[in-house]
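Q: Below is one structure. I have some questions about it.
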Amino acid sequence: MKIRPLAETIEPQCGQFYMLQSCDNYDPLLKRPLSIFNFDEKYLQFLFRIKGKGTSYLSKVKAGDIIHLIGPLGNGYLEPKGDFIIVAGGIGIASLMPLLVKFRKKAILFFGARNSNELLMVDAAYDMAINSYVSTDDGSIGYKGLITDLLTDFIKSNHYSKELPIYCCGSIPMFKTLKSIIERHNMTCYASIEEYMACGVGACLGCVVKIKSDEEGGFSYKRVCKEGPVFNLRDLIWQ
Amino acid sequence: MAMNSTLFEKPNLSVRIGSLNLKNPVMTASGTFGYGEEYSEFLDIDRLGAIVVKGLSIKPKKGNPTPRIIETPAGMLNAIGLQNIGIETFIKDKLPFLRQFSTPVIVNFFGDTIDEYIKSAETLCDAKGVQALEMNVSCPNKEAGWCIFGTNPETLRQVVSVVRKVTHLPLIVKLSPNVTDIGLMARVVEDSGADAISLINTITGMCVDIVQRKPLLANITGGLSGPAIRPIAVRMVWEVSKAVKIPIIGMGGIMTYKDALEFFIVGAKAVAIGTANFINPCATIDVIDGIEKFMLEQKITDINQIIGSLRI
């Protein structure tokens, strides 16, 4: 979806997001958080999967319709200084695409999805990466299995890769596997996290995640919308 | 000509809540506006009638595990679990920011025990820049099997009376709607010395995943807010306005100025905007502007002419 802002906007950083809404009939009531996928001086572009009512309404927007949006919001990716690794799971590519665009031919891309239909924008991503590894759960394209398997093999056979930062966005099982990989190899990984969100500006405290801390219990809750959506994967705790 | 000039005069929107003077009757609802900073880049804080900050306790609170929120038709359920930075940190880190505005700061607070309520009120009373207190009585009482303070007339009387004794600030008590007779609770609060009543807090609700057969919130139940609860809130404000003489701050699902006007007509002297802030960060300002425009169109010169004007 391509949107032309009607008012002057701030240029988004890679990994930031917007809160969007296309209907005002109170069902769904809340805006939907979507990562910025692409942008230029004139347009903001979003790539999203239809998951429920909100995204379904957004998918039906026609040229000329008005969409309400707030953004750019949150802390995006810490920009890479040299080459880096991208690990994208399914629609997670939407959040990582601005990095591929801005840092052309600097990323080694690992892109996994359930099947070939969900491997969105894979050709464009392929062109912008140094090289690409692709997997699907059903084997319809690339390696049959998990993208984290391909990453593990790559790290084993390319020792220099341990020095490269990883940028990732995907499902919780993918994050969990990645976390064990980076801990094993002492690597750095920036992960963009998704949570249910009401306001997007840090007020509702609905979108928190557990982050390692010195506080009682060894963790504190941080807001995905404000302190995130990008966190150091090492600090994230899942129940 | 003289008539024309009076027609275009700005209507009076100011109201009094006890000893508190508000430039307009629109405030933020606790828990939906953070500590003000979160929204300061979207709107002019000075335009608000009052700011009610996120509920505070003596000790900081981590809050509940996630998922904490879930959307429902025309509403949302939340179980944040009263996460807050604690009164001390609030006074040190957040209050200086709020002090720079002319808008009164109302601090919402709660406790697990009566003693914690007393300590909270005492500490907040001494803090420079706090103009009024709003007591949340919809939280569980640690010393009485975690029963909700505000759903039993006796515990409600007890906790409001003791807090009344330790603070000279205007004391607002925020009622829980999860009771059979809201008018009775309002009378208890008035008799116990409160200066004003705010209502309604969220209505307890629940959502279930039908495949997993599990509650959708980690806390199992949560508080329902948003336009879905507005008619219940309007009804309860009306009942309370018949039961007590102290001012009422009405809230519950206000999205527009039209919603706000319903509350004034049934007797609210001020309103608070809650969930609407999440959807439209400027919702409070839109409501203020909408009320003013409506009054101009209807040739109403003073908001007090609308308050409690229900015709039956």
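Every number here is computed from the coordinates shown, using simple stated rules; none is lab data. Computed from a predicted structure; not experimentally measured. Glycine also receives a Cβ, built like all others from the backbone with ideal geometry; neighbour counts cover every protein chain displayed.
Q: Tally Lys and Arg at +1 and Asp and Glu at -1 over the other residues with C-beta under 14 Å from the C-beta of A:G54: what net charge comes out?
A: Values: positive: A:K31, A:R32, A:R49, A:K51, A:K53, A:K60; negative: A:D24, A:D27, A:E194, B:E71.
With Lys, Arg at +1 and Asp, Glu at -1, the net is +2.
Q: For a footprinting-style exposure proxy, rank A:V209, B:V271, A:V230 by other Cβ within 10 Å, fewest first. Numbers along the way, then the final one.
A: On the way: A:V209 22, B:V271 31, A:V230 26.
Result, fewest neighbours first: A:V209, A:V230, B:V271.
Q: In addition: Compute the label zone of A:Y26 within region B:161-187: residues whose backbone N is under 15 Å from the point 7 Å along Cα-to-Cβ.
A: Of the residues in region B:161-187, none has backbone N under 15 Å from the label point off A:Y26.
Q: If you don't mind, there's one more thing I want to ask. Which trypsin sites (Lys or Arg not before Pro) in region B:131-238 sit in a loop by DSSP (not H, G, I, E or B) and have at most 15 other Cβ atoms within 10 Å of their own Cβ?
A: On the way: sites: B:K142, B:R157, B:R164, B:K165, B:K174, B:R187, B:R213, B:R235; in loops: B:R213.
Answer by residue number: B:R213.
Q: Before rounding to the nearest 500, sum -39500 (n - 2.57) across all DSSP H runs of length at least 4 in chain B and divide by the residue total; then give [θ] at 222 nm in deg cm²/dmol. Can you show the working numbers first?
A: On the way: 10 runs with 94 residues, N = 312.
Mean residue ellipticity at 222 nm (helix-derived): -8500 deg cm²/dmol.
Q: Shifting gears a bit: When the helix-only estimate is applied to chain A (DSSP H runs of n ≥ 4, each -39,500 (n - 2.57), divided by the residue count), what is the mean residue ellipticity at 222 nm, nearest 500 deg cm²/dmol?
A: Working: 5 runs with 49 residues, N = 239.
Taking each H run of at least 4 residues, the total per residue is -6000 deg cm²/dmol.
Q: When the gyration tensor of region A:105-147 is built from Cα positions, what are the square roots of 5 times its three eigenvalues, in whole Å, from largest to smallest?
A: Details: eigenvalues 67, 21, 8 Å².
Rounded to whole Å, the semi-axes are 18, 10, 6.
Q: Which one, A:G54, B:A50, B:G111, projects farthest toward the positive side of the charge dipole computed for the protein assembly as shown from Cβ point charges (K/R +1, D/E -1)?
A: My answer, from the dipole projection, is A:G54.
Q: Over 30 Å between Cα atoms, which of B:K94/B:K119; A:K42/B:K94; B:K94/B:K142; B:K94/B:K293; B:K119/B:K242; A:K106/A:K179 qualify?
A: Working: B:K94/B:K119 19 Å; A:K42/B:K94 38 Å; B:K94/B:K142 28 Å; B:K94/B:K293 34 Å; B:K119/B:K242 33 Å; A:K106/A:K179 23 Å.
From B:K94/B:K119; A:K42/B:K94; B:K94/B:K142; B:K94/B:K293; B:K119/B:K242; A:K106/A:K179, over 30 Å: A:K42/B:K94; B:K94/B:K293; B:K119/B:K242.
Q: Rounded to the nearest 20 debye, what is the charge dipole size of the protein assembly as shown about its Cα centre when +1 sits on each Lys and Arg Cβ and -1 on each Asp and Glu Cβ?
A: Numbers: 59 positive and 55 negative charges, 79 e Å.
In total the dipole reaches around 380 debye.
Q: If I fit a long axis through the Cα atoms of helix B:114-125 and take the longest principal axis of the Cα atoms of chain B, what angle between them do I get, 0 to 90°, rounded to 10?
A: Taking the Cα atoms of chain B, the angle to B:114-125 is about 40 degrees.
Q: Now for a separate question. Report, in debye and to the nearest 20, how large the dipole of chain B comes out about its Cα centre when Lys and Arg carry +1 and Asp and Glu carry -1 on their Cβ. Kindly include the intermediate steps, with their values, before the conclusion.
A: Values: 31 positive and 30 negative charges, 63 e Å.
In total the dipole reaches around 300 debye.
Q: With the contact rule set at Cα under 8 Å and sequence spacing of 6 or more, what percent relative contact order holds for chain A?
A: Working: 480 pairs, mean separation 41.9, N = 239.
Answer for chain A is 18 percent.
Q: Also, quick follow-up: With the contact rule set at Cα under 8 Å and sequence spacing of 6 or more, what percent relative contact order holds for region B:253-295? It would help to have the intermediate numbers written out before the result.
A: Numbers: 37 pairs, mean separation 21.2, N = 43.
Rounded, it is 49 percent for region B:253-295.
Q: How long is region B:116-218 along each principal axis, judged by its Cα atoms, biggest number first, in Å?
A: Its Cα atoms span 53, 30, 25 Å along the three principal axes.
Q: I'd like the Karplus ³J(HN,Hα) series for region B:25-42: coefficients 6.51, -1.76, 1.60, θ = phi - 60°, whole numbers in Hz, and an x wherever there's a Gly or Pro.
A: Each residue's phi maps through the Karplus curve to give x, 10, 10, 8, 8, 3, x, 10, 9, x, 10, x, 4, 4, 9, 5, 7, 9 Hz.
Q: Using Cβ contacts closer than 10 Å as the measure, can you line up A:L44, B:L95 from fewest to most? Intermediate values should be presented prior to the final figure.
A: Details: A:L44 24, B:L95 21.
Listed from fewest to most nearby Cβ atoms, that is B:L95, A:L44.
Q: Taking neighbour Cβ counts within 10 Å as the exposure measure, how do B:C147, A:C168, B:C139 sort from fewest upward? Before the final figure, lay out each step's value.
A: Working: B:C147 13, A:C168 28, B:C139 21.
If I rank by nearby Cβ atoms, fewest first, I get B:C147, B:C139, A:C168.
Q: Can you quote the Å³ per residue value for the convex hull of the Cα atoms in chain B, rounded to an integer?
A: On the way: hull volume 43.3 nm³, N = 312.
It is 139 Å³ per residue.
Q: Among B:S198, A:A198, B:V173, whose Cα projects farthest towards the positive end of the dipole of the protein assembly as shown, with charges put on the beta-carbon of Lys, Arg (+1) and Asp, Glu (-1)?
A: The one lying farthest along the dipole's positive direction is A:A198.
Q: Working from the alpha-carbon coordinates of the protein assembly as shown, get Rg over Rh, Rh being the Kirkwood radius. Let's see the in-between values first.
A: Values: Rg = 25.8 Å, Rh = 25.2 Å.
Computed over Cα atoms, the ratio is 1.02.
Q: Would you tally the net charge around A:L20, using a Cβ to Cβ cut-off of less than 10 Å, leaving A:L20 out, and scoring K and R as +1, D and E as -1?
A: Details: positive: A:K31, A:R32; negative: none.
In short, +2.
Q: Just the number, please: percent antiparallel of the DSSP beta bridges in the protein assembly as shown, rounded to the nearest 5. Before the final figure, lay out each step's value.
A: Details: 41 of 89 bridges.
Percent antiparallel among DSSP bridges in the protein assembly as shown is about 45.
Q: Which percentage, to the nearest 5, of the DSSP beta bridges contained in chain A is antiparallel?
A: Details: 22 of 45 bridges.
Expressed as a percentage, antiparallel bridges in chain A total about 50.
Q: Could you give the radius of gyration (one decimal) and Dmax (whole number) of the Cα atoms in region B:226-288, in Å?
A: Calculated on Cα positions, Rg and Dmax stand at 11.2, 34 Å.
Q: I'm checking a number: the convex hull volume of the Cα atoms of region A:2-73, normalised per residue, in Å³. What is it?
A: Values: hull volume 6.2 nm³, N = 72.
Roughly 87 Å³ of hull volume per residue.
Q: If Lys and Arg each add +1 and Asp and Glu each add -1, what is the summed charge of the other residues whose beta carbon sits under 15 Å from the beta carbon of B:I248? Intermediate values should be presented prior to the final figure.
A: Values: positive: B:R16, B:K174, B:R187, B:R235, B:K242, B:K245, B:K269; negative: B:E134, B:E190, B:D195, B:E239, B:E262.
That sum, taken over residues with Cβ under 15 Å, equals +2.
Q: To continue, here is another question. Starting from the Kirkwood radius over alpha-carbon pairs of region B:259-310, derive D by Stokes-Einstein at 37 °C in a medium of 0.692 mPa s and give it in µm² s⁻¹.
A: Values: Rh = 11.5 Å.
Estimated via Stokes-Einstein, D reaches 285 µm²/s.
Q: To the nearest 20 debye, what charge dipole does region A:106-239 have about its Cα centre, counting +1 at the Cβ of each Lys and Arg and -1 at the Cβ of each Asp and Glu? Could the numbers behind the result be given before it?
A: Values: 14 positive and 16 negative charges, 46 e Å.
In debye, rounded to 20, region A:106-239 gives about 220.
Q: Suppose we keep just the DSSP beta bridges with both residues in chain B; what percent of those would be antiparallel, to 5?
A: In chain B, approximately 45 percent of DSSP beta bridges are antiparallel ones.
Q: Hey, got the average number of other protein chain Cβ atoms within 10 angstrom for residues in B:226-235? Please report the intermediate quantities before stating the final value.
A: On the way: counts 5, 3, 3, 0, 0, 0, 0, 0, 0, 0.
Taking all residues of B:226-235 together, the mean is 1.
Q: Chain A: percent of C-alpha pairs farther apart than 21 Å?
A: Values: 16349 of 28441 pairs.
That fraction is 57 percent.
Q: Averaged across B:74-85, how many Cβ atoms of other chains sit within 10 Å of each residue's Cβ atom? Display every interim value, and only then the final one.
A: Details: counts 5, 4, 7, 0, 5, 1, 6, 2, 1, 5, 1, 0.
Average per residue, whole number: 3.
Q: Percent relative contact order of chain B, based on C-alpha pairs within less than 8 angstrom and at least six residues apart? Please list the in-between numbers first.
A: Working: 687 pairs, mean separation 62.2, N = 312.
Once normalised by length, the contact order is 20 percent.
Q: What does the structure give for B:31-39 when I average, per residue, the other chain Cβ atoms found within 10 Å of the residue Cβ? Numbers along the way, then the final one.
A: Values: counts 3, 4, 4, 7, 2, 1, 3, 8, 4.
So the per-residue partner count for this stretch is 4.
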